[in-house]
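Worksheet: one structure, shown below.
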Amino acid sequence: MSIPGTQDTAACPFTGEQPDGQADRSAPSATFSTTPAVHAPSAAGVSDSSTTEGTSIREAPVADWVTIPDLYRDPFPIYRRMREEAPVHWVPAVNRYMVTSYAACHTIEQDAETYSANETDSLMKRAMGHSMLRKDDPEHKVDRDSYGTTLRPGAIKKHWNEIFESNNATYLDELVAKGPGADFVWDYAAPYAAENLRLICGFHNATQQDMQRWSQTMIDGTGNYADDPEVWAKSAASSAEVDAAIDEMLPYLREHPDASLLSGLASLPIPLEAIRANLKMTIGGGLNEPRDVLATTVWALLNHPDQLASIQGELKLYATAFEESVRWVAPIGMYPRQTTRDTELEGVHLAEGSRVGVVLGAANRDPAVFADPETFNIHRPKKPHLGFGGGAHFCAGTWVARAQVAQIAMPALFDRLPGLRLDPDHEAVDAGWVFRGLTRMPVLWG
């Protein structure tokens with residue numbers, strides 16, 4: 001790594017890896033399968049108990065029919081069945097309770113005292129360190145506030161949009177140069193999102209390819225429930241590289257400040273370990289989310305040409321399409337919580353210390369909230385989705401994702417590539433459930 005001496009450039013897993021470092025969510029490993037079920041309910045999973053008020057509270061039903069490969073291929077039929085049975089299930093395959101209704105997920109997001117982000121034995125902590133994503137207030141707020149205004153709408157408009165536009169032009173040029181048949185995800189969306197994030201973070205001593213590799217290998221570590229030593233080795237190697245890059249950049253940015261996250265952190269009395277953990281967390285979600293939302297939204301619009309036509313006549317609908325895409329396929333489909341006390345969630349008993357999965361990918365398709373929820377429809381009545389989380393942990397990168405995807409990338413893309421369409425001879429592939437997105441998306445144009 002090297003720092004350019006006079007450069008003035010500024011700047012919410014569980015996948016395998018292809019030989020070129022790209023994610024392969026279509027070929028999951030046997031994660032989760034060896035983890036002991038610490039908080040499993042009774043075998044029947046349906047016994048009732050009575051509260052002091054006389055209302056009935058039942059144990060969570062056991063969804064022993066759920067498998068990781070099925071979740072990878074297509075989790076949505078599984079979510080439909082689970083929601084119809086109960087808002088909460090004990091799922092042995094993932095060793096935690098999965099919460100699938102909108103109401104229950106919203107309750108968890110608004111009750112940090114009962115549902116702690118600071119999960120015991122968190123694999124994310126091992127892979128990335130103890131970031132703000134696994135902290136509760138007030139510790140979480142200290143870390144979050146340290147990010148300052150870098151990711152806020154004002155800073156995006158003043159500084160980042162111009163950089164996003166330049167990066168978008170660069171990677172659109174590369175896509176065009178590769179010609180029809182190029183892969184939309186890996187030849188455009190991924191490098192575009194990675195380069196934006198590189199500059200936002202302030203890694204002037206790294207490349208967008210480094211960002212992609214760091215992101216994927218550390219995220220694989222967060223999902224290494226099978227305790228695969230090779231996965232841990234790759235995750236640890238990337239973690240060490242990120243530490244070294246941060247250690248090199250902090251003194252440089254104290255002397256040459258810019259608009260990046262690391263520059264802002266360099267002047268604050270924040271412990272180095274907190275800086276390292278939070279930047280690693282940012283490298284994970286800050287790359288995957290915009291990459292996957294961009295590809296998924298374009299994929300959906302190309303499959304719904306009538307909706308695409310209506311957008312091209314009214315550019316502000318790109319933002320609407322972005323939000324509908326996040327609702328339809330939440331890029332971060334599940335995140336963990338742990339109960340701090342015995343509690344009841346939508347009529348289901350959860351013991352203190354229960355490990356919970358908040359399944360945003362299911363909540364956002366709850367028919368109790370969204371009409372015809374399985375359908376992508378930019379013209380549906382506007383209702384808030386949970387795709388960016390909620391409460392204190394509402395995704396800090398939401399405004400950045402909206403800007404680089406809805407405001408910049410999509411309008412330029414459809415203007416630059418008339419006749420953009422999916423390649424009928426090479427099917428697009430989507431996969432994953434904790435992180436879900438397109439793993440292959442060949443496109444044609446002209």
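The values are calculated or read from the model by the stated rules, or taken from the named source; none is laboratory data. Fair warning: this is a prediction, and the values are worked out from it, not measured in the lab. Ligands, DNA and RNA are excluded from the accessible area calculation, which covers all protein heavy atoms including side chains. Shrake-Rupley method; radii C 1.70, N 1.55, O 1.52, S 1.80 Å.
The helix-only estimate of mean residue ellipticity at 222 nm for the chain, built from DSSP H runs of length n ≥ 4 each weighted as -39500 (n - 2.57), is -12500 deg cm²/dmol after division by the residue total. Number of Lys-Lys pairs in the chain with C-alpha atoms under 28 Å apart and a separation of 8 or more places or on different chains: 19. Size of the chain from its Cα atoms: along the principal axes, largest to smallest, the extents are 69, 53, 40 Å.
Quick one: compute the contact order of region 295-373, relative version, from alpha carbon pairs under 8 angstrom and 6+ residues apart, as a percent. Once normalised by length, the contact order is 24 percent.
In summary, region 222-274 shows an alpha-carbon radius of gyration equal to 1.48 times the 2.2 N^0.38 Å reference for compact globular proteins.
Across region 183-307, C-alpha contacts under 8 Å between residues 6 or more apart give a mean separation that, scaled by the residue count, equals a relative contact order of 34 percent.
Taking the empirical scaling 2.2 N^0.38 Å for compact globular proteins as reference, region 356-446 has a Cα radius of gyration ratio of 1.32. Using a probe radius of 1.4 angstrom, the carbon and sulfur fraction of the accessible surface of the chain is 53%. With the whole protein complex present, S325 retains an accessible surface near 0 Å², based on a 1.4 Å probe.
Write down the accessible area per residue of region 59-134 in Å², having rolled a 1.4 Å probe over the full set of protein chains. Intermediate values should be presented prior to the final figure.
Working: 2760 Å² over 76 residues.
So region 59-134 comes to 36 Å² accessible per residue, rounded to a whole number.
Accessible surface area normalised per residue over region 300-446 is 38 Å², counting heavy atoms of protein chains with a 1.4 Å rolling probe.
Taken over the alpha carbons of region 300-378 as equal point scatterers, the Debye sum produces base-10 log I(q)/I(0) values at 0.22, 0.26 Å⁻¹ of -1.01, -1.18. Convex hull of alpha carbon positions in region 244-395: directionally averaged projected area 12.8 nm². Computed over protein heavy atoms with a 1.4 Å probe, the accessible surface of region 188-250 works out to 26 Å² per residue. Given Cα pairs under 8 Å that are at least 6 residues apart, what percent is the relative contact order of region 47-148? Reported as a whole number, the value is 15 percent.
The three principal axes of the Cα atoms in region 103-210 give end-to-end lengths of 53, 34, 32 Å, sorted in falling order.
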